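Following: one structure in structure tokens, then a few remarks.
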Amino acid sequence: MKYFRTLCLPILCFSLIFTGCTAADRPSEETEQGKESGQTETSVHSELQAILDQDPEDTIDFTYDMDAGSLIRWKVSYSEPVLSVHDAEVTEEDIRNETEKFLSDHKVDAPVTDRTSQEGDIIAVSLTGVWDGKMIYEESHVEFPIGSSGMPEAFDKSLEGVKTGDTVSTDVEYPADYAEEDLRNQTVHFEIQVLDLKTVSMPDYTNAWIRTNTDYESIEEFEEAIRQRKREENMKTALWQWIASVTELISCPDELLQIYQNEEIRRYTDIARYDYDMDFESLLEKMGYESEADFLKDNDSDIRQLIKIDMAVSNIVQEEKLTASVGEYLTYLQTFVEEFGCKDVDELLDIYTEKEMRQKFMEQLVYRWLSEHVVWHSDTES
């Protein structure tokens with residue numbers, strides 16, 4: 001059933017882009033169970049209470065039971081990061097992409113009623129696809145831009161010139177170089193019902209619009225803020241890539257791997273449930289996996305990469321004795337409260353565990369330390 005993955009993944013992406021779902025929209029299992037049992041809807045987490053009971057000037061303890069340094073090997077000294085100035089460069093194309101992304105977040109949808117569909121319109125359909133007598137595609141509602149469905153061109157072309165309520169019956173021949181080998185040079189019969197049709201218009205990018213919709217007074221000021229933010233993002237990316245390149249995971253205990261595998265399954269379970277209204281097993285099937293074991297095997301290198309980075313972060317924190325106060329940590333948590341639209345820090349921990357938030361905070365400490373020690377060189381330097 002691997003061939004099912006090609007249509008599904010673009011569809012999942014389109015759903016996320018055009019419907020959206022933030023982590024703050026997701027109630028935790030603990031919260032839902034509390035409601036069912038008649039308990040108070042929110043209660044202070046024990047991990048958070050332990051922190052709140054401390055003096056804001058107290059130091060956060062980052063001590064781990066496991067010696068992270070025994071699991072990794074440094075190829076060069078982590079205390080001397082050397083990066084190219086090119087890694088932090090922000091191009092005009094970067095600025096243009098960021099402004100277009102921002103404008104896209106403020107785009108206006110308008111129903112198409114005075115004409116038929118054309119390339120670029122957002123179309124919502126229900127569909128079935130039959131190949132070799134078997135139903136291989138079945139979606140009750142999927143939305144995507146015409147011309148960007150991720151399917152063969154003939155599929156999108158069949159959706160041009162239609163109106164809401166129309167039914168399209170078409171045979172789509174898959175090209176010889178199609179990603180899924182099983183469907184190469186094969187023909188799939190589609191029955192498609194057009195549920196909705198709309199067009200998207202971008203706002204006028206003017207100083208007046210910027211003043212109304214942002215905290216900036218002009219396009220120039222707005223784009224300079226983007227430049228500074230992108231440079232910071234580029235520096236972070238470059239530093240983490242450098243850490244990954246100079247670190248080797250030499251040991252990965254089974255119990256540690258199991259913890260990270262469970263976290264990966266939990267993350268995809270949340271994605272399945274709250275973004276696509278399905279269970280984890282159904283999402284795996286949509287992605288082309290026959291079992292959880294296949295999923296974990298396919299993602300093994302990514303999981304181990306994450307373990308390597310986390311162990312590197314923990315090791316640097318321990319070796320350099322990086323510390324922060326309880327007050328600094330709570331301020332950091334508050335930034336996530338605002339980002340996710342949570343009521344308070346306690347509600348934030350319905351999304352992330354305190355352990356996860358502490359790991360994120362440790363990454364910030366390590367990044368700050370690395371950025372103070374990095375040596376930037378030009379591409380012409382040896």
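The values are calculated or read from the model by the stated rules, or taken from the named source; none is laboratory data. All values reported here derive from a predicted model rather than from experimental measurement. Cβ: placed from backbone, ideal geometry, glycine included. Neighbour counts: every protein chain shown. Heavy atoms of the whole protein, side chains included, go into the accessibility calculation; ligands, DNA and RNA do not. Shrake-Rupley method; radii C 1.70, N 1.55, O 1.52, S 1.80 Å.
Condition check ((1) more than 15 Å from Val366 (Cα to Cα); (2) in contact with a strand residue (DSSP E or B) (Cβ under 9 Å, 6 or more places away or on another chain); (3) among the aromatic types (Phe, Trp, Tyr)) across all residues:
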residue	(1), (2), (3)
Asp300	yes, no, no
Leu306	yes, no, no
Ile309	no, yes, no
Tyr332	no, no, yes
### Flag for Ser84 being over 16 Å from Ile219 (Cα atoms) and surrounded by 12 or more Cβ atoms within 10 Å (Cβ to Cβ)
yes
### Query
So, of the residues in the stretch 98-118 that are open to solvent by less than 70 Å² (accessible area, probe 1.4 Å) and outside any loop (DSSP other than H, G, I, E, B), which turns out to be nearest to Glu220 (Cα to Cα)?
Thr99
### Message
Quick test of your reading of the structure: Asp196 fulfils all but one of (1) surrounded by 13 or more Cβ atoms within 10 Å (Cβ to Cβ); (2) in a helix (DSSP H, G or I). Name the failing condition by number.
### Response
(2)
### Task
For residues that are at pLDDT 90 or above and open to solvent by 70 Å² or more (accessible area, probe 1.4 Å), scanning just the stretch 172-186, find the one that is nearest to Thr128 (Cα to Cα).
Glu173
## Note on the structure
Scanning the stretch 199-221 residue by residue, those part of a helix (DSSP H, G or I) and either open to solvent by 80 Å² or more (accessible area, probe 1.4 Å) or free of Cβ contacts under 8 Å to residues at least 40 places away in the same chain (or both) turn out to be Asn207, Ala208, Trp209, Ile210, Arg211, Thr212, Ile219, Glu220, Glu221
### Query
When the stretch 297-344 is examined, which residues are found to be assigned to a helix (DSSP H, G or I) and among the polar types (S, T, N, Q)?
Ser301, Gln305, Ser314, Asn315, Gln318, Thr331, Gln334, Thr335
### Query
Are there any pairs, at least 6 apart or on different chains, whose C-beta atoms fall under 8 Å, with the first in the stretch 336-352 and closer than 11 Å to Leu48 by Cα and touching a residue at least 40 places away in the same chain (Cβ under 8 Å) and the second open to solvent by less than 40 Å² (accessible area, probe 1.4 Å) and part of a helix (DSSP H, G or I), and if so, which?
Val345/Leu48; Val345/Leu333; Val345/Val337; Asp346/Leu48; Glu347/Val337; Leu349/Leu48; Leu349/Met357
### Message
Given (1) within 22 Å of Val90 (Cβ to Cβ); (2) open to solvent by 30 Å² or more (accessible area, probe 1.4 Å); (3) at pLDDT below 95; (4) of a type outside the set (S, T, N, Q), identify the lone condition not met by Met235.
### Response
(2)
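Go through the residues of the stretch 155-164 one by one and say whether even a single one is open to solvent by 30 Å² or more (accessible area, probe 1.4 Å) and without any contact (Cβ under 8 Å) to a residue 24 or more places away in the chain. Can you show your working first?
Narrowing the stretch 155-164 to residues open to solvent by 30 Å² or more (accessible area, probe 1.4 Å): 157, 160-161, 163-164.
This time we only want the ones that are without any contact (Cβ under 8 Å) to a residue 24 or more places away in the chain, so: 157.
Yes - at least one qualifying residue is present in the stretch 155-164.
How many residues are farther than 30 Å from Glu248 by Cβ and either out of contact with any Asp or Glu (no Cβ under 6 Å at 6 or more places or on another chain) or of a type outside the set (A, V, I, L, M) (or both) when one looks only at the stretch 66-111? Give the steps one after another, and end with the answer.
Let us first name the residues in the stretch 66-111 that are farther than 30 Å from Glu248 by Cβ, namely 90-111.
Next, from what is left, pick out any that are either out of contact with any Asp or Glu (no Cβ under 6 Å at 6 or more places or on another chain) or of a type outside the set (A, V, I, L, M) (or both): 90-94, 96-111.
The total comes to 21.
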### Task
Would you be able to tell me the number of residues in the stretch 274-297 that are open to solvent by 20 Å² or more (accessible area, probe 1.4 Å), more than 27 Å from Met66 (Cα to Cα) and free of Cβ contacts under 8 Å to residues at least 60 places away in the same chain?
8
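For Ser169, state whether it is outside any helix (DSSP H, G or I), out of contact with any Lys or Arg (no Cβ under 7 Å at 6 or more places or on another chain) and modelled with pLDDT under 95. Give the derivation first.
On the way: outside any helix (DSSP H, G or I): yes; out of contact with any Lys or Arg (no Cβ under 7 Å at 6 or more places or on another chain): yes; modelled with pLDDT under 95: no.
In short, no.
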